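Notes to accompany the following structure.
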Amino acid sequence: MDRRGNRFPSWVFLAAGTGLCVLIAGCMPGGGVNTPTAPAGFFMGIWHGWIAPFSVIVGFFNQAIRVYEPHNTGWWYDLGFYVAIISGFGGLSFVRRQNANSRVE
């Protein structure tokens with residue numbers, strides 16, 4: 001621990017944040033990773049669903065980035081994408097509902 005009570009030095013957080021940005025940017029839909037001969041599948045659909053909010057923001061600045069991968073396997077990609085979207089946003093509302101119920105009591 002340092003003098004301020006932080007467990008890790010600030011450069012660790014900077015390195016982790018930079019690494020996370022590189023990871024997310026390297027796997028965005030429409031970024032050229034997937035092709036018609038190597039389409040995105042179920043697990044890539046889950047990943048694209050998780051990073052969809054970041055894809056929207058990056059898509060404003062880079063026209064090649066999309067929220068949804070055009071080169072995909074079809075139904076399996078769709079299933080993974082929607083499972084991630086629903087579980088991410090639906091899970092947040094479930095947690096909020098639990099917290100609201102615990103405050104009422």
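The values are calculated or read from the model by the stated rules, or taken from the named source; none is laboratory data. It should be emphasised that the depicted structure is a prediction, and the values quoted were computed from it without experimental measurement. Methodologically, a virtual Cβ is constructed for each residue, glycine included, from the backbone with ideal geometry; neighbour enumeration extends over all protein chains shown.
The table for this structure:
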read-out	value
Residue in the range 15-38 that is nearest to Pro53 (Cα to Cα), counting only those that are surrounded by fewer than 11 Cβ atoms within 10 Å (Cβ to Cβ) and modelled with pLDDT of 85 or more	Thr35
Check on Gly80, in contact with a Gly (Cβ under 7 Å, 6 or more places away or on another chain), at pLDDT 85 or above and in a helix (DSSP H, G or I)	yes
Filtered residue count, the range 39-67, keeping only those that are farther than 26 Å from Gly17 by Cβ and either modelled with pLDDT under 90 or part of a helix (DSSP H, G or I) (or both)	1
Sole exception among (1) buried (at least 18 other Cβ atoms within 10 Å of the Cβ); (2) touching a Gly at 6+ places or on another chain (Cβ under 7 Å); (3) hydrophobic (A, V, I, L, M, F, W, C) for Ala64, by number	(1)
